[in-house]
Amino acid sequence: MATLCEGFTLCGLVQTQNASDSPIQGIELDEDSDHAVVTDSTRSVTLYKVSDQKPLGSWTVKQGQLLTCPAVFNFQTKEYVVVSDNKVIRVWKDEDLNLDKAFKATVTADVWRVHSAPGGEPVVLFQRGAVRFLDSLLSAPQQPIEDVLSEEEVIRWSASIVAEEQHFVLFTTEQNGECCLYVQRLNPNTLQKYRLEREDSGASPLSFSASLRDKHLNLLYLYPNGCVYQSVVAARGYVGLEGVQDLPRSLRLRLPVGEGELGAASAVALDEAHVAVVGVPHPSARTGKDFLCIWNTNFQTLQAGILRNWSFVWCYLGKLFVPHGKALSIIPYECQKSSLASALGKLRHTGIAVSKSSVAVPSWNTLLHGDQPQGPTKIVETRKSVRNVKLGVNCVQPQPHQTGPVDEVQREVEVLVSRGDAQDLQLSVGQLACHLVARSQAETAFYTPVALAQLVQTQFLCHSVCPGLLLLSLEHKDYFLCQLCLQLFPDIPEVVTCACLKTFISNEVLQTPYSDNFLLPHLKDLDTQQVILFLQYLQFVYLKYSQDVYTQTAGLRSPTMTQIIDWVCLLLDAHFTVLVMAPDAKGLLSNLQSFVKSQVKLFSELGKIESSLQELHKMKLSKDISQYSIEVIELF
Amino acid sequence: MGEFKVHRVRFFDYMPTAIRAMAFNAHTERLALARMDGSVEIFNFTDHYFQEKVIPGKDSRSTESLCWVGGRLFSAGLNGEITEYDLENLRPKYSLEAYGGPIWTIISNTQGTQLAIGCEDGTVKLFEVLEEHIQFERNLDRQKGRIISLSWHPSGTHIAAGMMDMIRVFDVPTGHAVQRLLVDRGFGGSKSQETVVWSVAFLSDHTVVSGDSAGKVQVWDGHTGTLVKTHLVTKWDVLALSVSKDESSVVAGTSEGTVIQFQFIAPTLHQQQDKEWVRTRTFKNHTHDVRALAEIETAIVSGGMDTHLVVRPLLEKFDEKSHASGLRKIHFPHRNLVSCAKKAGLLLFQFPGQLELWRLGDSDGHGKPGDRLPLKRKPEKLLLLKRKGEDHICCSALSSCGGWLAYSTVSCVRIYRLQTDNNNISITKVSKLPKALRSAHQLCFSSDSSKMFAASSQSSVLVIALTQSECKYVHTLKPKSGSRQPIHLMTTSVDGKWLAAANSDCEIRVYNLQKLKLHCIVPVYGSCPSAMGIHPTTNNMTVVHADQQLFEYSIVEKQYTDWSRKLQKQGLHNVWLDRDTPVTHVTFNPKNPNQVVLHDMHMFCIIDQSLPLPDQKTQFYNQMTLRSLSEQERPSHLHAFKICKTFQDLLCVSLLDDQSLVVVERPLLAITSQLPAPVRQKKFAT
């Protein structure tokens, strides 16, 4: 699960003429993790203390000169390095006030970027593809620089990665619509060229992001059609390979692009499962591409999103740096280690999930490798279709749900639901539900419980497609719909779960998927009386089940013992101090305590006989060899 | 190679009897071993501990002690008789009443001129060893209480005698007791019980070592009669002692099943002169009483209640790991106790006192390898035939058609006609037997059941013709020259033309039965043949020897076959040669002339002569590997020796005419479970 925290503005920015250009060239870190070196698109480099949101120093080149590459911090010499006017490398220290008086060296070829990373020497990447260590370059600035790239090949993006003993410079080039990835290994120097697979549209990637995981270089790139691909290059090996290799890719994410193609967008890999994307539409928003979203690539789920106007993103140490409008925003984020449970929350009891709901958890494999998931992966399909069909339903023809009275809407829904075409249905159900919810929220008099229930029962809906639905039903105290949503939505946020809890206690709530970490803060919102009531209820349910544990029928929607115990634990965790003080909770707590005691005793006794039982289990039934048998043997 | 249906038989309740005494002849390197049932076995220690002779027991005979005088073997027992054995005819030569009541022990002097026996009546009797006989000489001074054990001083002048609560030293020339060594009783409750001195050893330096029922091994000075050292080694009895030839080591066997070694060494390196008897090692190879012990040059040989013979090599006597340096346990006799009627599917089990005839069960099911098939018919014990007289059965035979059965004791041969129709079996004793047929070392029927062959004295073979009505002497096949040793293996060819007989001098004679003449003598190999068989179609004879060598001899061409030469040239695989039990049965697959089936106690082997021979680098036990290989890979890994170890403790493996295997197992555990409870059982963490 990933969350975006409240962002803040680091600094103002000078608006550039062309809105699609970024007003800043780059953001780099220095040795203090709280510092950010921001290079704007023209002449100045500013060092900020991020937590204080204030500049610590600023350096500007003379009027007429232009910074042509983002400033970097040389971690070995504690100096800053920047390039102006393509050929002049400037090196200065923190205490230097004037950039003009700092060390300068003019080199013979145009520099594309200077890259620096902790643990490695800075490297200079020239526009024609040559790579030099900064030190060796500065010791002989006039040394000839060879051309690596062909005449019309231009570098689009570059990065440097330092692994344990390996230093890589990666850059991508473009030439006549063909994109290539160069992997330059340093010490010993080898260069490997890979050809990126062409996208059908012929478009070039909008953005690249590289990372090192498990001794492999991962390259993530976003195309204007919304596809995010990943390619993997082994960090070791392949040294001996000559010529151009084809770089295989795998589709990690297909982002909704809305109308037309993406113009300026950027995707950054946050960790192995999460990607931050800017400049793409939010799947449930009707218009606009100005969202920052975090997607889980394993599950193709949207994890968080904020509406802003931006198109570039940098990511350092748990913070996203996003320039937008006139300011550079910093948005801290949190990505939990991806696992099935944390991505979808605690899962429903499988027996129930399978028998009662077809919203099964899609398998990883189909998600990762299958472009068109089939069968049970309806959620994914739903989302995809919603994304892909450009929210077109309402644009094409006026529908009664826009303005019509309740019964007309009801009819429309019935017609829709009775249609057999599953693919279309998925689309329109999501659309329709969103519209209905939106309208209900706007017009207090308008509420269509039956229609909504029907939509929910199609099982094509989930919470993230139509976030307002459950809250709306809560608002209207439509507990039937609530129950239905709780039953059928696999992705109800914990805050909503708690909101439901405040309103009513059900079995259904207990079975909602959740993640402990996210549920806990919301549970704290419950007041003491609610907690005591809830605990009493849980205790009742538990005792009831523990008495006739075997009579639980699979078809019945009832929480499992484990679910009940988990909830008890969570509640106690959240409210223990309060409960201890509350006099009316005393009996309950002592009951629970004695219960736990007896359980602990039982388990310790069970533990004692466990090994004996295991031995029994292991004991092979010794072959009863009787006095006589006729056997068949085979000799070879 | 294919699938085999296996009759896995475990209903042969073979039960060896306990070992009571043993004597090692260092000159001929033969070990004589006496069992509780009175039988005596001779093991050849120069030939892979092969059991070359078995003298059957007798009900009234109980052997307490054995003694070699030169190549002559004497025994004495609680029946009060001294017996000398005829090792050529495998029977007692004569028995002599000693008139001293039960005899506990018999010894000879080093010169081999005199025997001494210890009697229940308290006398030590001396006998003079004559050429063909022994003659009573005199009694030593009669003592109160029985003489349990004796030991002759190497010089011949003194005899130490273990008695109850004491040891007496006699001066042989005068016959007077010169020393009285009092042996302490046990502690605690056993104080009231007399201490039995089960064993004494008289060393050259007049040291007397004794082992007694109080669990002590004591060292005495025989000159002064003083106790030098007491080693309390067990809570139970010390039953047997044996001294090494150089008198530097004494081993003691106890009721706990342990053998404890004492060595005459200096306790410190500096005082080499002050040697003393120090307890050094403990060997535990038995679960029950160790009643018989012999310390030979390189090993300790022990036996007792748990019926198996153990040869425990003393590893310091070996420079390198070799065949001889491995521990040997001899559980089963090195001869066949099971006869199999291949056509009729009958099994004959030989016990000392009776014969059992069984019909194998049947199954009409088919199964895949590893399956156990459902039984359509259970095996059935058709006959229990008790022997007549006191003498134990020494050999037996069943004709392959199942129509004839014969057995022999040292005193008589009996032949029976068997008739089975459906479920009824009738047995008729053949009443008139030829006079020449008095006893046999081996019996066998020709494959068409028209003749019976009986191995008789001096390596001769009697040919008896069998008809429905009578049984007629035909001829005696007698070697003109050569060995007079008893025949221990005999086999005939299927076509009825050839008879091969092997004796314990390693000679194999092949007779032409049509001409009733010696056909040839197979070149004598230095190791005793342990099994042999004549191929049904080629008439090639496969012979396996005690040293595991394998030969194939063409009877017709009177020479080794090419396959045999190839095998000898290449050499048998070391894994094959390192096996420690002899092959006791050779049989052939009538459907596949390339296949020879043979077995020892731990495995059976089908040799496929059409396959390449394994060289030393080849994985010898390769069945598991072959099983794991694919059909295509297999042929390149095949070799001629297909060994199956699925069945263990084998007494017989044979191939019936219907191509199914018969495997007779006698699990050692089943034997152990019939033994009395040991005095001491190993408990966990004790």
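The values are calculated or read from the model by the stated rules, or taken from the named source; none is laboratory data. Given the structure is predicted, the values throughout are model-derived calculations rather than measurements. Glycine also receives a Cβ, built like all others from the backbone with ideal geometry; neighbour counts cover every protein chain displayed. Accessible surface areas use protein heavy atoms only, side chains included; no ligands, DNA or RNA. Shrake-Rupley method; radii C 1.70, N 1.55, O 1.52, S 1.80 Å.
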Report summary line: Extension length gain for B:Q354 and B:S449 (0.36 nm per residue less Cα distance), in nm, is 31.9 nm
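Of A:K62/A:K87; B:K617/B:K645; B:K53/B:K472; B:K566/B:K645; B:K5/B:K645; B:K451/B:K515, which sit over 18 Å apart, Cα to Cα?
Details: A:K62/A:K87 15 Å; B:K617/B:K645 21 Å; B:K53/B:K472 29 Å; B:K566/B:K645 26 Å; B:K5/B:K645 15 Å; B:K451/B:K515 15 Å.
B:K617/B:K645; B:K53/B:K472; B:K566/B:K645, as the Cα separations exceed 18 Å there.
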Report summary line: From DSSP H assignment alone, runs of 4+ in the protein assembly as shown each adding -39500 (n - 2.57), the sum over residues rounded to the nearest 500 puts [θ] at 222 nm at -5000 deg cm²/dmol
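State the extension gain, in nm to one decimal, for the chain segment bounded by A:E272 and A:T106, taking 0.36 nm per residue of separation less the distance between their alpha-carbons.
Values: separation 166, 0.36 × 166 = 59.76 nm, distance 4.06 nm.
Value of the extension gain: 55.7 nm.
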Query - Rough spin-label spacing in nm, given labels placed 7 Å along Cα→Cβ, for A:V232 and B:K144 - result: 9.9
**Report entry** Estimated inter-spin distance, B:L375 and A:L616, nm [label 7 Å along Cα→Cβ]
**Finding:** 3.2
Query raised in the report: Which residues does a label at B:K558 reach in the range B:519-538, if reach means a backbone N under 16 Å from a point 7 Å past the Cα toward the Cβ?
Result: B:519-524
Query raised in the report: For B:2-9, what's the mean count of beta carbons from other chains sitting within 10 Å of each residue's beta carbon?
Result: 5
Query raised in the report: What shape does the range B:326-394 take by its C-alpha gyration tensor, where a ≥ b ≥ c are the square roots of the eigenvalues and a/c under 1.5 counts as rounded, a/b above b/c as prolate, and the rest as oblate?
Result: oblate
Requested in this report: Leaving out ligands and nucleic acids, note down the accessible area per residue over the range B:335-478 with a 1.4 angstrom probe, in whole Å².
Outcome: 45
Query raised in the report: Residue separation times 0.36 nm, minus the C-alpha to C-alpha distance between B:L232 and B:D421: what's the value?
Result: 61.5 nm
Report task. Take the Cβ-Cβ distance between A:T3 and A:K524 as r, set R0 to 22 Å, and report the resulting FRET efficiency rounded to the nearest 0.05. Result -> 0.80
Query raised in the report: What FRET efficiency do you get for B:Q458 and B:L516 if R0 is 22 Å and r is their Cβ-Cβ distance, rounded to the nearest 0.05?
Result: 0.80
Query raised in the report: Leaving out ligands, DNA and RNA but keeping every protein chain, what accessible area does A:R198 have, in Å² rounded to the nearest 10, with a 1.4 Å probe?
Result: 130
Report summary line: For the B:E3, B:L315 Cβ pair and Förster radius 60 Å, calculated FRET efficiency rounded to 0.05 is 0.85
Report task. Ignoring ligands, DNA and RNA and using a 1.4 Å probe, state the total buried accessible area between A and B in Å², rounded to the nearest 100. Result -> 2400
Requested in this report: Would you kindly find the accessible area of A:V313, with a 1.4 Å probe and non-protein molecules such as ligands, DNA and RNA excluded, rounding to the nearest 10 Å²?
Outcome: 10
Report task. Assign one of three labels to the protein assembly as shown, namely rounded, prolate or oblate, based on the Cα gyration tensor with a ≥ b ≥ c the square roots of its eigenvalues; rounded applies when a/c is under 1.5, prolate when it is not and a/b is larger than b/c, and oblate otherwise. Result -> prolate
Query - ³J(HN,Hα), Karplus 6.51/-1.76/1.60, whole Hz, each residue of the range B:171-184, x for Gly, Pro - result: 8, 5, x, 8, x, 8, 7, 9, 9, 10, 9, 8, 9, 4
